[in-house]
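Beneath this line is the structure, given in structure tokens, with notes to follow.
The values are calculated or read from the model by the stated rules, or taken from the named source; none is laboratory data. Keep in mind that what you see is a predicted model, and the values were worked out from it rather than measured. Counting neighbours? That spans all protein chains shown, and the Cβs are built from the backbone with ideal geometry, glycine included.
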Amino acid sequence: MRSRLLISLAVLMLVFCYFVKAPSGASVNSLGSQTRLASESPSSEWIAFLASRKTVPLGTMLLEEGGNQGIGQSLVGFFGRMGDSPWSTGLHESRYAYDFIESIHVWTLCLFFGLAVMFDLRLLGWAMRDVPVAELAGRLLPWTIAGFVIMVISGSLLFYAIPLRSFQSIFFRVKMIMLLLAGLNVLIFHSGVYQQVETWSLDAKPPRAARVAGALSLVLWIGIVLSGRMIAYNWFDCDRQPQPAIINFLTNCVPNGSGN
Ligand code: HEM
């Protein structure tokens, strides 16, 4: 299973590198040495990006970015620079790669989300009531975890292609908060009631803590999928001013004087 996963990830990376090549003469940003780096691999671009800051710890770098405007604005500066990098630009402007990666994000959703929902329905005692929970977990969890890993890798690449817009997207932020809560829920479930699964695995209606974990998981993953879908809509984008003050506050958006 692991070797098959590693082989498919390696093939995916090869296809990704074939589809994406930094556009020659890509818009260079303040890193200065970009043109030289344009045709080199993403990793060398990252090395150059970090090398330009190698003497400064990340925390200090972010504070420098935003001066006295706080971590939010420094992250805006940081992701703005990331978005100017040739590989981010290359991915965003590529003919096939972005769509290919987004397709993987959506295809893997079928695997990950589908299996997660089935397990949650068993925890709620609403489906597969005669299947032992421990057996179901043993069969579904490896595929669910594989799906999750691919979702995170493809999602990170989608973010990397449009980092500033995604960072300032209210839907993306809601999604990331719910992802953290879903992760916390999984942690509490596996370190809590699931430790005694052998005592309730055959129960058609699992104990309350397991049902609560299943219900929370179901609500959070549905919320993550919906907010993920909404990221594409630019209703609250920073460049579509005027926006309600609360939206500008929650998305670190500082509209300039001209209303944009
Ligand atoms: C494993 C949990 C995840 C789930 C279930 C999930 C789900 C989704 C869904 C359903 C979409 C909409 C796809 C579409 O219809 O176009 C989406 C889009 C997106 N996701 Fe995720 N995602 C996950 C993880 C991530 C992560 C970890 C990131 C980044 C760090 C991410 C970044 C994005 C971005 C940037 C988009 C917008 C793509 C676009 O509209 O162009 N996702 N996600």
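Residue under question is A182, and the condition is that it be aliphatic (A, V, I, L, M), in a helix (DSSP H, G or I) and more than 11 Å from the ligand (Cβ to nearest atom); does it hold?
no
Which of the numbered conditions does Q195 fail, given that it passes all the others? Conditions: (1) more than 16 Å from the ligand (Cβ to nearest atom); (2) within 25 Å of the chain's Cα centre (by Cα); (3) of a type outside the set (D, E, K, R).
Condition not satisfied by Q195: (2).
Can you give me the number of residues within the range 178-188 that are aliphatic (A, V, I, L, M), more than 14 Å from R229 (Cβ to Cβ) and in contact with a helix residue (DSSP H, G or I) (Cβ under 9 Å, 6 or more places away or on another chain)?
Counting residues in the range 178-188 that are aliphatic (A, V, I, L, M), more than 14 Å from R229 (Cβ to Cβ) and in contact with a helix residue (DSSP H, G or I) (Cβ under 9 Å, 6 or more places away or on another chain) gives 5.
Collect the residues in the range 82-122 that are closer than 30 Å to K205 by Cβ and among the aliphatic types (A, V, I, L, M), keeping them in residue-number order.
L109, L111, L115, A116, V117, M118, L121
Is there a residue being over 18 Å from L75 (Cβ atoms), surrounded by fewer than 19 Cβ atoms within 10 Å (Cβ to Cβ) and without any contact (Cβ under 8 Å) to a residue 12 or more places away in the chain anywhere in the range 152-166?
yes
Of all residues in the range 167-179 being within 9 Å of the ligand (Cβ to nearest atom) and either under 11 Å from the mean Cα position of the chain (by Cα) or of a type in the set (K, R) (or both), which is surrounded by the fewest Cβ atoms within 10 Å (Cβ to Cβ)?
Out of the qualifying residues, it is M176.
Looking only at the range 229-251, filter to residues that are closer than 24 Å to L184 by Cβ and in a loop (DSSP other than H, G, I, E, B); which one of those is nearest to the ligand (Cβ to nearest atom)?
Residue satisfying both the conditions and the ranking: I231.
Select, from G114, G147, the only residue that is crowded, with 18+ Cβ neighbours inside 10 Å and under 19 Å from the mean Cα position of the chain (by Cα).
G147
Among the residues in the range 134-141, are any within 8 Å of the ligand (Cβ to nearest atom), of a type in the set (G, A, S) and on the phi < 0 side of the Ramachandran plot?
No: zero hits.
Scan the range 153-165 and give yes if some residue there is within 13 Å of the chain's Cα centre (by Cα), of a type in the set (F, W, Y) and either away from the ligand (no atom under 13 Å from the Cβ) or outside any loop (DSSP other than H, G, I, E, B) (or both), otherwise no.
Yes, the range 153-165 contains a residue that is within 13 Å of the chain's Cα centre (by Cα), of a type in the set (F, W, Y) and either away from the ligand (no atom under 13 Å from the Cβ) or outside any loop (DSSP other than H, G, I, E, B) (or both).
Would you point out which residue out of L226, L216 is within 16 Å of the ligand (Cβ to nearest atom), buried (at least 17 other Cβ atoms within 10 Å of the Cβ) and assigned to a helix (DSSP H, G or I)?
L216
Note down all Cβ pairs under 8 Å where the first residue falls in the range 88-103 and is in a helix (DSSP H, G or I), the second is hydroxyl-bearing (S, T, Y) and at pLDDT below 90, and they're at least six residues apart or on different chains.
T89/S27
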